[in-house]
Amino acid sequence: MSAPPVDADGGPALRIMPAGLSKNDLLRLEVFIGVRSDRLRGRWSLVSQAPVDVYIHDADDPPTIPGSLTRAPVQLRVTESSPDAADVTLLARPLQFDAFVEALVAAERQLAAPATSAAIPISAATRPVGAAPAARAVAPAPWPSAPEPAAAARPTPAELATGRFRLRRWPGANLLQTSRYGLRMASFMSARFLSLRELSQLSGVEEQECARFVSTLIDSTLLRVEPLDTAAPPRAADAVAGAPAPAAAPADAGAARPGRSLLTSLRSKLGIGHGPR
Amino acid sequence: MDLKIVFTGTPGAGKTTAIAALSDIPPVVTDVANTDASLDKALTTVGLDYGHVDLGDGVRIRLFGTPGQQRFDFMWRIIAAQALGLVILIDNSRPDPLADLRVYLDHFSDMLRGMNCVIGVGRTLECPLPTLDDFADLLAERELAFPTLAVDVRERSDVLLLVDAVIAQAEAAA
């Protein structure tokens, strides 16, 4: 098996073809490919035709690869049920970043070109004395070394504790239901960047449960993150992370800003109380 | 102190019904006979719907419903200015609900970034498309992440979900 081509950054360029997958699966794959992982040596891309290194499908009998008479070296299958954890070629829906990276790490090992025996390394101990050192011919490494891509792993507890989070997109019902207070926590995070502590104080939910919910949203790339020590800007200015602050709104526009006690009274009057605490 | 929550949205989406579900008083409606054949309703709002919730100590939350037809859109911004929150109700049984939402997002575009806003999508059981994810994607394209909920405004509990989401945003900003 020949070594894969190398892209400009030095990592092997590897190709994944999805076949017969749902729109949600494809969106997730696009996000995963974009986020990448420092565990991967190759630079992966999604393709629609051969040549293909990894073929990902959800069928019992996978369709053939257009333009190719051979099967892809690596086959990954997407399933509805939880697969055997030991089999990294099976990926359960909804596709998860960590499982996908595990599968690609295994694929990279499988795809690595075997070492050639064309050159025999000459050790310094056997080189004739006085002779010019022979050109050192060694078996090439399977892939040239490449700069490690930026890490994109699940946030650690320390990272969660030192960040502020705000929704980039409203979550789907399945994600909101991962916590009994998901709807309210998500509503808070739709308004501005919040730390775990602030989210816990607003919602009345224990910080640990807030962390689990935030991690779930991060896994689904639904959150923007900023460092905790970023000064909280006025609400209108932090609407888009990284975007220039908008001009100040006219005085007659925007929302009224009542105090917490009034909002608590409104909740009480309507019978929509606070969280567990 | 007076605050207001504004209900806007397409004709027939349930603005008047939502206000009635919350108001301490029977809503004051300004309906006339509907002459728009495309609307399957006998009456349509041509002014404002009004109700209120009294919190005591002179504090009142006023509930306003904007007329849904676009010929009254000049009133929408006037009513929504300085509101505690804006509830946009969308009827998923209409021909193009996503286009309907775009109308309101465009009309309130310069106000939305400082606004507590929630999208309530009705009739999703009978008309499941577009999905709530489609609405959320549309909002995300505009870098908005407002709560987007499937609701039946005939159910008070669903209307309270909308208001809960508005209050939560206000609490986060307080």
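The values are calculated or read from the model by the stated rules, or taken from the named source; none is laboratory data. Computed from a predicted model, the values in this text were never measured in an experiment. Cβ: placed from backbone, ideal geometry, glycine included. Neighbour counts: every protein chain shown. Side chains are part of the model used for accessible areas, which takes the heavy atoms of the whole protein and leaves out ligands, DNA and RNA. Shrake-Rupley method; radii C 1.70, N 1.55, O 1.52, S 1.80 Å.
Which one is farthest from the other protein chains (Cβ to nearest Cβ), of the residues in region B:156-173 that are open to solvent by 10 Å² or more (accessible area, probe 1.4 Å) and in contact with a helix residue (DSSP H, G or I) (Cβ under 8 Å, 6 or more places away or on another chain)? If you could, list the steps in order and put the result at the bottom.
Within region B:156-173, the subset open to solvent by 10 Å² or more (accessible area, probe 1.4 Å) is B:156-158, B:160-161, B:164, B:173.
Retained after the next criterion (residues that are in contact with a helix residue (DSSP H, G or I) (Cβ under 8 Å, 6 or more places away or on another chain)): B:156, B:160-161, B:164, B:173.
Working: B:156: 9, B:160: 5, B:161: 7, B:164: 5, B:173: 5 Å.
Filtering region B:156-173 for residues that are open to solvent by 10 Å² or more (accessible area, probe 1.4 Å) and in contact with a helix residue (DSSP H, G or I) (Cβ under 8 Å, 6 or more places away or on another chain), the one farthest from the other protein chains (Cβ to nearest Cβ) comes out as B:156.
Consider residue B:100 against the criteria (1) open to solvent by 60 Å² or more (accessible area, probe 1.4 Å); (2) of a type in the set (Asp, Glu); (3) under 13 Å from the mean Cα position of the chain (by Cα): it satisfies all of them except one. Which criterion is unmet?
Every condition holds for residue B:100 apart from (1).
Pairs needed: first member in region B:114-136, at pLDDT 95 or above; second member anywhere, of a type in the set (Lys, Arg); C-beta distance under 8 Å; at least 6 residues apart or different chains.
The qualifying pairs are B:136/A:169.
Taking region B:124-149 on its own, how many of its residues are over 17 Å from residue B:13 (Cα atoms), more than 9 Å from chain A (Cβ to nearest Cβ) and in contact with a helix residue (DSSP H, G or I) (Cβ under 8 Å, 6 or more places away or on another chain)?
3
In this structure, is residue B:62 modelled with pLDDT of 95 or more and open to solvent by 20 Å² or more (accessible area, probe 1.4 Å)? Please lay out each step first, then the result.
On the way: modelled with pLDDT of 95 or more: no; open to solvent by 20 Å² or more (accessible area, probe 1.4 Å): yes.
So residue B:62 does not fit the description; no.
Filter region A:152-171 down to residues that are in contact (Cβ under 8 Å) with a residue 12 or more places away in the chain and among the small types (Gly, Ala, Ser) and give me whichever is surrounded by the most Cβ atoms within 10 Å (Cβ to Cβ).
A:163
Report, by residue number, each residue of region B:60-104 that is small (Gly, Ala, Ser) and in a helix (DSSP H, G or I). I'd like the intermediate steps shown before the answer.
Restricting attention to region B:60-104, the residues satisfying the condition of being small (Gly, Ala, Ser) are B:65, B:68, B:80-81, B:83, B:85, B:93, B:99.
Residues satisfying the conditions are B:80, B:99.
Output the residues belonging to region A:180-193 that are more than 10 Å from chain B (Cβ to nearest Cβ) and open to solvent by less than 10 Å² (accessible area, probe 1.4 Å). Step through it out loud before you land on a result.
Pass one, region A:180-193, residues more than 10 Å from chain B (Cβ to nearest Cβ): A:180-182.
Of everything in region A:180-193, just one residue is more than 10 Å from chain B (Cβ to nearest Cβ) and open to solvent by less than 10 Å² (accessible area, probe 1.4 Å), namely A:182.
Can you name the condition, by its number, that residue A:225 falls short on among (1) within 16 Å of the chain's Cα centre (by Cα); (2) surrounded by fewer than 20 Cβ atoms within 10 Å (Cβ to Cβ); (3) closer than 21 Å to residue B:148 by Cα?
It fails just one condition, (3).
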